[in-house]
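No value in this document is a laboratory result; all are computed from the given coordinates. Note that the structure is a prediction, hence the values are computed from the model and not measured. Positions of Cβ are generated from backbone atoms using ideal geometry, with glycine treated the same way; all protein chains shown enter the neighbour counts.
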């Protein structure tokens with residue numbers, strides 16, 4: 001991705017950045033149905049946001065719609081995929097091949113969005129040496145060697161909570177620059193390391209709380 005595009009992504013507010021993949025998914029469905037153009041009103045109705053919000057979000061992306069017809073779907077898909085970094089394959093290592101980690105290794109769909117997990121790491125002897133979905137699993141001690149061989153920039157963390165910080169420090173020391181953290185532990189990292197926390201448990205808590213408020 002070009003430097004100017006990277007700067008543009010950093011400028012976009014995070015809520016808008018989170019909405020863009022929703023737009024992209026809807027656009028792909030429309031393309032499959034044979035549609036050629038889409039309006040911000042159509043996108044807004046499907047995603048359940050205000051049309052002005054859609055127009056504002058898309059203003060961060062270098063594309064403009066045509067009067068009365070809207071956006072050309074195929075062009076908008078290509079622009080969004082490029083803007084979001086989905087067109088470039090980013091190699092990742094996964095740390096912690098438990099049930100969640102193994103499920104992520106099985107998820108071939110991640111490649112469609114630019115993330116290619118090339119190896120898993122664990123300390124269990126029963127897992128080391130195996131392959132899951134064609135992806136090899138190595139012992140954690142092999143990480144420095146494998147990192148030198150492949151120069152991976154992204155680490156996916158699915159280790160037990162009590163090992164999260166320790167593993168984080170270990171893989172950052174090995175050269176990992178961005179972390180996708182699936183543990184409920186808020187890992188501490190230097191300022192130059194990118195972290196995306198994806199805690200299913202936190203989302204569960206929000207859902208349960210909202211469900212409880214509806215029932216009462």
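Return the label of the correct value of Kirkwood radius over Cα pairs in Å, as calculated from the structure shown, out of [x] 16.9; [y] 18.9; [z] 19.5.
Working out Kirkwood radius over Cα pairs in Å from the coordinates points to [z].
How many nm is it between the label spots at residue 189 and residue 16, if each spot is 7 Å from the Cα in line with the beta carbon?
According to this spin-label approximation, the distance is 2.4 nm.
Need the full-extension length gain, residue 177 to residue 130, defined as separation in residues times 0.36 nm minus the C-alpha distance. One decimal, nm. Could the numbers behind the result be given before it?
Working: separation 47, 0.36 × 47 = 16.92 nm, distance 2.64 nm.
Answer, rounded to one decimal: 14.3 nm.
For the chain, modelled as a GNM with alpha-carbon contacts under 10 angstrom, which of 58, 20, 29 fluctuates the most?
In the Gaussian network model the winner is 29.
Please check: in the Gaussian network model of the chain (C-alpha springs, under 10 Å), which one of 160, 190, 144 has the largest mean-square fluctuation.
Among 160, 190, 144, the largest GNM mean-square fluctuation belongs to 190.
Which number do you get for Rg(Cα) / (2.2 N^0.38 Å) in region 21-117? Intermediate values should be presented prior to the final figure.
Working: Rg = 16.1 Å, N = 97, 2.2 N^0.38 = 12.5 Å.
Compactness ratio reported: 1.29.
Rounded, prolate or oblate, given the Cα gyration tensor of region 90-202, with a/c below 1.5 counting as rounded?
Values: a/c = 1.24, a/b = 1.17, b/c = 1.06.
Here region 90-202 falls in the rounded category.
Over the chain, with a Gaussian network built from C-alpha contacts below 10 Å, which listed residue (206, 69, 128) shows the highest mean-square fluctuation?
Sorting by GNM fluctuation, first place goes to 206.
Using 1/(1 + (r/R0)^6) with R0 = 22 angstrom and r between the beta carbons of residue 28 and residue 110, what's the FRET efficiency to the nearest 0.05? If you can, show how the numbers build up before the last one.
On the way: r = 16 Å, r/R0 = 0.73.
In this case the efficiency is close to 0.85.
Separation between the residue 166 and residue 210 pseudo-spin-labels, each 7 Å from Cα along Cα→Cβ, expressed in nm?
If labels sit at residue 166 and residue 210, their model points lie 3.7 nm apart.
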